[in-house]
Amino acid sequence: MKVLGVLGSPHKNGGSAQLLLAALKGAEREGAKTELVSVYDGEIKPCIGCIHDEEPNCKFPCIFEDYGKIILEKIYEADGIIFSTPIYWFAPSGQLKNLIDRMTCLENMVSYGEPSYLEGKVVGAIAVGADEGGAWTGGYIITTMTSMGAIIPPWGIAYSHKADRAIYDDKALMDAINIGILTTRTIARLKGIPTDLTFVYNKDLLETIRREVIVSLNFINTGKEGYGKRQAKRSSI
Ligand SMILES: Cc1cc2nc3c(=O)[nH]c(=O)nc-3n(C[C@H](O)[C@H](O)[C@H](O)COP(=O)(O)O)c2cc1C
């Protein structure tokens, strides 16, 4: 069982990275092989909508030879995908949105007499912000993925508004761990292995994974309340 984590943040130690790592650690405990890619590690050209051309070219693999194509291939190979994005104005980061638009080449295989290449893949979503928009942003990803033919696991969405302190948001952390666990268990179920799809609440597991994430990100617990290097001087973000 392969689970791919797609990080939508430019910050490798930020809140979305923290919760994504926690989710992947949950997945690993269920026997998944995991990999993490960041959409900021290379160029992802914006979709040019060739789906509307007279002779449509919108099929997998995408026409662009860029880093986006490499991630699309990894998505194609994966059994499960967990997206984790910062909330940028009530939405995923623009760089992640570029990737999602480019995923049309996987979905549009339906125009070539094949099933969507997202069909049967299990997808969870994590969103991290400093103020508002977690449900919208995670909900956007979930809505889009089910519309592309993917399967959403139970409790498949997690969000925190604690920005780069998300790892200390107990509820969001437990939710993120569950995304990893339940994405993997749903994959197993689809492969015919009987699994329990109940939400897991386990304080020991939460603390263990929190420690592991802090160590692997070399994240320093200052013990301070609040988050970010500065307080926002505006009412929204
Ligand atoms: C362009 C931009 C737009 C943002 N919009 C929102 C927003 O709508 N809601 C929110 O809660 N936080 C917003 N934020 C704050 C980020 O989501 C927050 O800093 C978050 O920690 C970033 O995730 P990261 O730490 O994983 O990079 C915004 C930040 C930026 C740079």
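In this structure, ALA130 does satisfy being in contact (Cβ under 8 Å) with a residue 60 or more places away in the chain, within 16 Å of the ligand (Cβ to nearest atom) and surrounded by 17 or more Cβ atoms within 10 Å (Cβ to Cβ). The residues of region 19-62 that are within 16 Å of the ligand (Cβ to nearest atom) and either among the polar types (S, T, N, Q) or over 15 Å from the mean Cα position of the chain (by Cα) (or both), listed by number, are SER38, ASP41. When SER9, SER16 are checked against the criterion of being within 13 Å of the ligand (Cβ to nearest atom), within 12 Å of the chain's Cα centre (by Cα) and part of a loop (DSSP other than H, G, I, E, B), a single residue qualifies: SER9.
Between residues in region 20-44 that are under 28 Å from PHE64 (Cβ atoms) and residues that are acidic (Asp, Glu), which pairs lie under 9 Å by C-beta distance while being six or more apart or on different chains? Every condition considered, the pairs that remain are LEU24/GLU35; THR34/GLU28; GLY42/ASP66; GLU43/ASP66; ILE44/ASP66.
Among the residues of region 43-87 satisfying the criterion of being surrounded by 14 or more Cβ atoms within 10 Å (Cβ to Cβ) and small (Gly, Ala, Ser), which is nearest to HIS161 (Cα to Cα)? Step by step, filter region 43-87, then rank; the result is SER84. Scan region 150-169 and tell me whether some residue there is in contact with a Leu (Cβ under 9 Å, 6 or more places away or on another chain), assigned to a helix (DSSP H, G or I), within 20 Å of VAL3 (Cα to Cα) and within 12 Å of the ligand (Cβ to nearest atom). Scanning region 150-169 turns up no residue that is in contact with a Leu (Cβ under 9 Å, 6 or more places away or on another chain), assigned to a helix (DSSP H, G or I), within 20 Å of VAL3 (Cα to Cα) and within 12 Å of the ligand (Cβ to nearest atom).
Could you tell me whether region 43-57 includes any residue that is at positive phi and in a loop (DSSP other than H, G, I, E, B)? The answer is yes; a qualifying residue exists. Could you grab me the full set of residues in region 63-96 that are within 16 Å of the ligand (Cβ to nearest atom), in contact with a helix residue (DSSP H, G or I) (Cβ under 9 Å, 6 or more places away or on another chain) and outside any loop (DSSP other than H, G, I, E, B)? If the condition is that a residue be within 16 Å of the ligand (Cβ to nearest atom), in contact with a helix residue (DSSP H, G or I) (Cβ under 9 Å, 6 or more places away or on another chain) and outside any loop (DSSP other than H, G, I, E, B), then ILE82, PHE83, SER84, THR85, PRO86, LEU96 are the ones that fit. Could you tell me whether region 100-114 includes any residue that is aromatic (Phe, Trp, Tyr), closer than 23 Å to ASP41 by Cβ and touching a residue at least 40 places away in the same chain (Cβ under 8 Å)? So far as region 100-114 goes, no, none of its residues is aromatic (Phe, Trp, Tyr), closer than 23 Å to ASP41 by Cβ and touching a residue at least 40 places away in the same chain (Cβ under 8 Å). For ILE152, the test of being surrounded by fewer than 20 Cβ atoms within 10 Å (Cβ to Cβ) and of a type outside the set (Gly, Ala, Ser) is passed.
We did not get these values from a lab; they are worked out from the coordinates using the rules stated. What you see is a predicted model; the values in this text were computed from it and never measured. Neighbour counts are summed over all protein chains in view; Cβ atoms, including those assigned to glycine, are modelled from backbone coordinates with ideal geometry.
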